[in-house]
Amino acid sequence: MIAAQTLLAVTGSTGRVGGLVARRLSELGVDHRLLVRDPARAPALPGTHIAAADYGDAAGVRTALSGAHTVFMVSGAETPNRVQQHVTFIDAAIDAGVQRIVYLSFFGASPTATFTLARDHWATEEHLRSTGVAHTILRDNLYADFAPALVGADGNIRGPAADGRAAVVAQADVADVAVVVLGSDDAYGGKTLNLTGPAALTMYEIASALSDHLGRTVAYVPETIEEAYASRAVYGAPKWQVDAWVSTYTAIAAGELEGVSEDIQDVTGHPATPLEQVI
């Protein structure tokens, strides 16, 4: 149980995982602060207090987190300068007196990760470690909840994942772990938890699950890397963004997302949710 004197702050409450964490805490009767960029979008939950700040606004973060002991830090919006925003936020949080940070990272975060954004997470983790503040890192796999969004305009999944596997994880499970860790004092201090689904699935298996869910055939159509870039050119996205999209699939092909962890079971006491149940 979270001590009454331990003030929690939750970022990302206007998004999926941060929103789930905020709701779980509210249901448990835990007062906490929601740090948001736009207060108008903050969820209206019992026991919550709203503070406004952007990750890159050091002065605003210091004010917003004044008096907070523990912060749940969801990674910021995907931008080329996201790492710098994360560094600014972490440093400002510590300046404000924050004693513990629980950071939502990505499975297999590494300076050489195939998935380009996993390198951003690694850089953030390294900075967090270097500060000496108490911390826990939650590395989640690809979200099972997003599986339907993989289906393109032609009704199929296309990408250069080959026959690689990903242990896709339910956002609800990630939130459950976060709530336990936030309420654990420092039982998970310095630990990195890998949050995955119960099985590593190929894109063919994910397509099959979606077929059952949608009541029509969804196929997985492998692409070459060149085909993947060409098929995504129509969106007019910047190169770094397209690199991230394509490298999600090439990371799967490289086997970097196939590991299955028991950390969800160990932390929450319930098994990880299978894809079929999530969708």
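Values in this text are rule-based calculations from the coordinates and carry no lab data. No experiment lies behind these values; they were computed from the predicted model shown. Every residue, glycine as well, gets a Cβ built from its backbone with ideal geometry; the counts of neighbours run over all protein chains shown.
Determine, yes or no, whether Tyr220 is aromatic (Phe, Trp, Tyr), in contact (Cβ under 8 Å) with a residue 40 or more places away in the chain, over 28 Å from Val102 (Cβ atoms) and in contact with a helix residue (DSSP H, G or I) (Cβ under 7 Å, 6 or more places away or on another chain). Full working, then the answer.
Numbers: aromatic (Phe, Trp, Tyr): yes; in contact (Cβ under 8 Å) with a residue 40 or more places away in the chain: yes; over 28 Å from Val102 (Cβ atoms): yes; in contact with a helix residue (DSSP H, G or I) (Cβ under 7 Å, 6 or more places away or on another chain): yes.
When the stated conditions are applied, Tyr220 passes them.
Count, please, the residues in region 30-51 that happen to be of a type outside the set (D, E, K, R), under 16 Å from Thr63 (Cβ atoms) and surrounded by 15 or more Cβ atoms within 10 Å (Cβ to Cβ).
So in region 30-51, the residues of a type outside the set (D, E, K, R) come out as 30, 32, 34-36, 39-40, 42-51.
Next, only the ones that are under 16 Å from Thr63 (Cβ atoms) stay: 34-36, 39, 49-51.
Among the residues that remain, those that are also surrounded by 15 or more Cβ atoms within 10 Å (Cβ to Cβ) are: 34-36, 50-51.
Total satisfying the criteria: 5.
Scan region 92-146 residue by residue and report those that are under 16 Å from Ala166 (Cβ atoms) and of a type in the set (A, V, I, L, M, F, W, C).
Residues satisfying the conditions are Phe106, Phe107, Ala109, Ala113, Phe115, Leu117, Ala118, Leu142, Ala144, Phe146.
List the pairs whose first member sits in region 100-119 and is farther than 16 Å from Arg82 by Cβ, whose second member is buried (at least 21 other Cβ atoms within 10 Å of the Cβ) and of a type in the set (Lys, Arg), and whose Cβ atoms are under 6 Å apart, counting only residues at least 6 apart or on separate chains?
Phe107/Arg139
When you look at Ala175, is it of a type outside the set (Lys, Arg), within 17 Å of Ala272 (Cα to Cα) and out of contact with any strand residue (DSSP E or B) (no Cβ under 7 Å at 6 or more places or on another chain), yes or no?
Details: of a type outside the set (Lys, Arg): yes; within 17 Å of Ala272 (Cα to Cα): yes; out of contact with any strand residue (DSSP E or B) (no Cβ under 7 Å at 6 or more places or on another chain): yes.
Spelling it out, Ala175 is indeed of a type outside the set (Lys, Arg), within 17 Å of Ala272 (Cα to Cα) and out of contact with any strand residue (DSSP E or B) (no Cβ under 7 Å at 6 or more places or on another chain).
Being acidic (Asp, Glu) and within 28 Å of Gly18 (Cβ to Cβ) is the filter here; which residues of region 138-162 pass it? Give the steps one after another, and end with the answer.
Pass one, region 138-162, residues acidic (Asp, Glu): 140, 145, 154.
Listed by number, the residues that qualify are Asp140, Asp145.
Any residue that is free of Cβ contacts under 8 Å to residues at least 24 places away in the same chain and within 26 Å of Tyr103 (Cβ to Cβ) - is there at least one of those in region 252-260? Walk me through how you get there before you give the answer.
Filtering region 252-260 for residues free of Cβ contacts under 8 Å to residues at least 24 places away in the same chain gives none.
No: zero hits.
Every residue in region 190-200 that is in a strand (DSSP E or B) and touching a Ser or Thr at 6+ places or on another chain (Cβ under 6 Å), please.
Here is the first cut: in region 190-200, the ones in a strand (DSSP E or B) are 192-195.
Asn194 - this is the single residue of region 190-200 that is in a strand (DSSP E or B) and touching a Ser or Thr at 6+ places or on another chain (Cβ under 6 Å).
Using beta carbons and a limit of 7 Å, which pairs, at least six apart or on different chains, have the first residue in region 196-207 and among the charged types (D, E, K, R) and the second one surrounded by 24 or more Cβ atoms within 10 Å (Cβ to Cβ)?
The qualifying pairs do not exist here.
Hey, can you tell me all the residues within region 111-130 that are surrounded by fewer than 18 Cβ atoms within 10 Å (Cβ to Cβ) and part of a loop (DSSP other than H, G, I, E, B)?
Across region 111-130, the qualifying residues are Pro111, Thr112.
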